[in-house]
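Since every read-out is calculated from the coordinates, none of them should be taken as a lab result. Predicted, not measured: the structure shown is a model, and the values here were computed from it. Quick reminder, even Gly has a Cβ in these numbers, built from the backbone with ideal geometry, and neighbours come from all protein chains shown.
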């Protein structure tokens, strides 16, 4: 059963190996699969300026293995949209505020993209944000993600028009956080209760094997 | 950024805001007709992509499509040979019909279809594939005689098309609302609907009368009902309980 762990500066000491797995998988997905060469690093880890003590990670674990994740970052600090993608936001200022986060580096490992992992991670995302009093989350995504979010029950408003980035039509958008969306996506995910885990450390598993991407 | 491109942003955002309140397929068609006319689109169709055993007619969400062409298209099961449908199944990117590959030398059906669309006034077209959750596949295809397709208009069309599609999906296939009542609340209301008092129900379910009254009370709150009778009527009306 997939559970989604919250990792922040406070508990990351207990998740060292998990976080390293995340950085390695991010490198595989974003550099290896999607070809974002700017992120390429010789150690095979995708770590950028926003992987700092202000970041919160939601990490999907199945039997102790990382199968997906995302990163949340405060919009009151310089963040990816304000620093790198402000040109995607048209006709209004870059959305920022104490109850607004930015979501980046969303990924699901290749062999788990057909199932409910997406919905589980999205449900945990809505639940975490509700619990933290977050009202909206901004992100830059490929356009083909919009219908997936919408079908998951998310209310999404565009912040600009689609723009080509790395050969993909991308858009800056804001996801509204709401109980309705959480209910809808939880149903799609087949969740009866919460799958969000707030712990001080990763579950100890004697047989934890390194994840090998297909 | 040019002022012209900014204009499109405003138009698109207005369309998206308006689309939120469109409550019927016809209202969506009317709004699309108005908004897409500025790019000289005349016709459009939203449809699911058929599996081999499905007929495309059963998957059409809404359309403003030349009737003669629709009849000919479905009668001949053109969707089995349509280069546009074929490309839809392979890409998540929007494309112009002219970009859908087919070899007119050997693919006579493909040629017949593209020529047929042109004969019905759609010499040009755009298609937006939708690849959603759980294998949901669909597209919004739009055509006209002389479209205004430029690097400035295309992103606007792309985004508008996506929200038009989403609105149609929501209006035409509303997801069932989750039952707001808990299992215990439903049970308490069901017994009430059968004429049992709270004390009777408590006895049947092996709990106290006070517990049943509390369940009924919270059901009243959730259903905005004034009393137990009102709550039972509402729960039956909305099929939240069955007797």
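Note the angle between two axes, namely the Cα long axis of helix B:25-37 and the longest principal axis of the Cα atoms of chain B, as a number of degrees from 0 to 90, rounded to the nearest 10.
30 degrees
Counting other beta carbons within 10 Å of each Cβ, put A:71, B:90 in order, fewest first.
Lowest to highest Cβ neighbour count: B:90, A:71.
Relative contact order for segment A:3-197: what percent, with Cα pairs under 8 Å and sequence separation of 6 or more?
21 percent
Could you list the residues of segment B:213-232 with an amide nitrogen less than 19 Å from a label point located 7 Å from the Cα of residue B:199 in the Cα-to-C-beta direction?
B:213-217, B:228-229
Which whole number gives the average, over all residues in B:163-170, of C-beta atoms from other chains lying within 10 Å of the residue C-beta?
Mean partner-chain Cβ count within 10 Å for B:163-170: 3.
What do you get for the angle between helix B:228-237 and the principal long axis of chain B? Use alpha-carbon atoms, 0 to 90 degrees, nearest ten.
30 degrees
Going by C-beta contacts inside 10 Å, put B:109, A:90 in order with the fewest on the left.
Least crowded to most crowded, the residues run B:109, A:90.
Summarise the partner chain shielding of B:148-161 as one whole number: the mean count of Cβ atoms from other chains within 10 Å of each residue's Cβ.
Across the residues of B:148-161, the mean count of other-chain Cβ atoms within 10 Å is 2.
Rank these for me by crowding, A:135, A:56, going from fewest to most other beta carbons within 10 Å.
So the residues, fewest neighbours to most, are A:135, A:56.
Just checking the output field for A:149-156: average partner chain Cβ neighbours within 10 Å of each residue's Cβ?
Average neighbour count from other chains, rounded to a whole number: 4.
Whole angstrom only: what separates the Cα centroid of segment B:188-243 from the Cα centroid of segment A:104-148?
Centre-to-centre distance over Cα atoms comes out at 39 Å.
Using only Cα atoms and rounding to the nearest 10 degrees, what angle (0 to 90) does helix B:209-222 make with the longest principal axis of chain B?
Around 30 degrees separate the two axes.
What FRET efficiency do you get for residue A:9 and residue B:91 if R0 is 51 Å and r is their Cβ-Cβ distance, rounded to the nearest 0.05?
So the FRET efficiency works out to roughly 0.80.
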